[in-house]
Amino acid sequence: MGFLAMILGPLMRMLYQMIPNFAVTMIVFTVIIKLLMLPLMIKQQKSMAKMSVFTPMVNEIQQKYKNNQEKMQEEMVKLQQEYGYSPTAGCLPMLVNMLVLFGMVEVVYRPVQYILGIPKDAISAACTALGIAANGAAAQTGLIEAIHAGLASGVDTGLTTEQLSSIANFNTSFLGMDMCTITGFSFSLIMIFPIIAAVTMCISQVLSTKMSGQQAQMQGSMKVMMWGMNIMFVFMCFQMPVGFSLYYGTSNIFMMLQTVLTYKVYNPEKFKAQYEAEVAAKRAAKKEIKTVTVEEGGKKVEKNVNKRQLDQMRLEYARKLDAEKYANDRTVPLTDEQRAEMEAQKAQKGKKKK
């Protein structure tokens, strides 16, 4: 996930230069990311409300054509075209959130590279000089701890004075605890961060599912996937530097606040009623559409027409029948002279009346 860290790293570096504290930088970073994602959350709220309207229609199609997959697929395509139904419309916020989380994993493991901006090769050389496994996942956090402990004194790490100074002054402390520490599952005070991350994850997930209108239409497999991913991240909190737990817990807290806010301002029940009215209007309009067979270019084709178009076609057809019916009433058409004579007679009669 290095490419994600390359995107997030510069923002984190800029924030750290303004707020020289690793933990506070991550909290501010979380707030910024959540604010940027707010429009996506609102869109997701609308999408889930729309899904709750379409779910009965989807279930009806699946039940009706359960033995004919081709017809089922055809009807699902019609549903998408006619009503704008999209089963993946609400997935983007979740996908973006997952990408940011995976990107943060890389940033938390490699803060020297992505936040302090020290080249990877220089970091590897310094780790090797200090007897730290350069290819290990915790190499950079180990380098920070070693330099903070003064173990780099008198050792040729290959780092410049400026680089050594930036690592030595890298502030990883928060509430008296080091955010580069990996807690594992052994009990200690710093374990409070992974525990908070786990608790806030559960509350956030339940709150989000309930208030976004997803609860009724979420299928079992989707629930398992969402809970499974979150449980995986909670497990990672115990196996990674505590900084990730701080980010994940803060992210969950802001997610709860956003969920409550969007529920009050963009109530899913309101959107649901709006979409139900739209679907009802489209269904009513659809009932007025008739399929008729007409002849075009010597070929019979089917056309979908509304009531007004159908009435016009009937009128034209009636005129055509009348023309055919009275076609033989005059076998010889009038000549131009005869037509002119008749017009003159009509004009003469008009003068006499005057």
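The values are calculated or read from the model by the stated rules, or taken from the named source; none is laboratory data. Being a predicted model, the structure only gives us computed values, none of them experimental. Glycine also receives a Cβ, built like all others from the backbone with ideal geometry; neighbour counts cover every protein chain displayed.
Would you mind finding the one in 51, 12 that is over 19 Å from the mean Cα position of the chain (by Cα) and either closer than 20 Å to residue 249 by Cβ or in a helix (DSSP H, G or I) (or both)? Walk me through how you get there before you give the answer.
On the way: 51 fails: over 19 Å from the mean Cα position of the chain (by Cα).
Exactly one residue qualifies, and that residue is 12.
Small (Gly, Ala, Ser) and modelled with pLDDT of 65 or more: does that describe residue 281?
Spelling it out, residue 281 is indeed small (Gly, Ala, Ser) and modelled with pLDDT of 65 or more.
Only one of 159, 101 is surrounded by 14 or more Cβ atoms within 10 Å (Cβ to Cβ) and outside the structural domain of residue 17 (by TED's automatic domain parsing); which?
159
Looking only at the range 19-77, filter to residues that are in contact with a Pro (Cβ under 9 Å, 6 or more places away or on another chain) and of a type in the set (D, E, K, R); which one of those is surrounded by the most Cβ atoms within 10 Å (Cβ to Cβ)?
46
Look at residue 107 and say whether it is out of contact with any Lys or Arg (no Cβ under 8 Å at 6 or more places or on another chain), crowded, with 18+ Cβ neighbours inside 10 Å and not aromatic (Phe, Trp, Tyr).
yes
Assigned to a helix (DSSP H, G or I), exposed (fewer than 12 other Cβ atoms within 10 Å of the Cβ), within 21 Å of the chain's Cα centre (by Cα) and at pLDDT 80 or above, is that true of residue 4?
Values: assigned to a helix (DSSP H, G or I): yes; exposed (fewer than 12 other Cβ atoms within 10 Å of the Cβ): no; within 21 Å of the chain's Cα centre (by Cα): yes; at pLDDT 80 or above: yes.
So residue 4 fails the test.
Taking interchain pairs and intrachain pairs at least six residues apart, which have beta carbon atoms under 6 angstrom, with the first residue in the range 102-131 and closer than 27 Å to residue 235 by Cβ and the second surrounded by fewer than 23 Cβ atoms within 10 Å (Cβ to Cβ) and among the charged types (D, E, K, R)?
Hits for this filter: 113/120; 115/13.
Using the structure shown, decide if residue 145 is charged (D, E, K, R), surrounded by 15 or more Cβ atoms within 10 Å (Cβ to Cβ) and either at negative phi or in contact (Cβ under 8 Å) with a residue 12 or more places away in the chain (or both).
yes
Looking at the range 14-68 only, could you name the residues that are of a type in the set (Gly, Ala, Ser) and within 23 Å of residue 105 (Cα to Cα)?
Residue satisfying the conditions is 23 alone.
Six or more apart or on different chains, Cβ under 7 Å: which pairs go from a residue in the range 150-169 that's at positive phi to one that's surrounded by 11 or more Cβ atoms within 10 Å (Cβ to Cβ)? Could you list them?
Cβ pairs passing all conditions: 158/122; 158/125; 158/126; 158/129.
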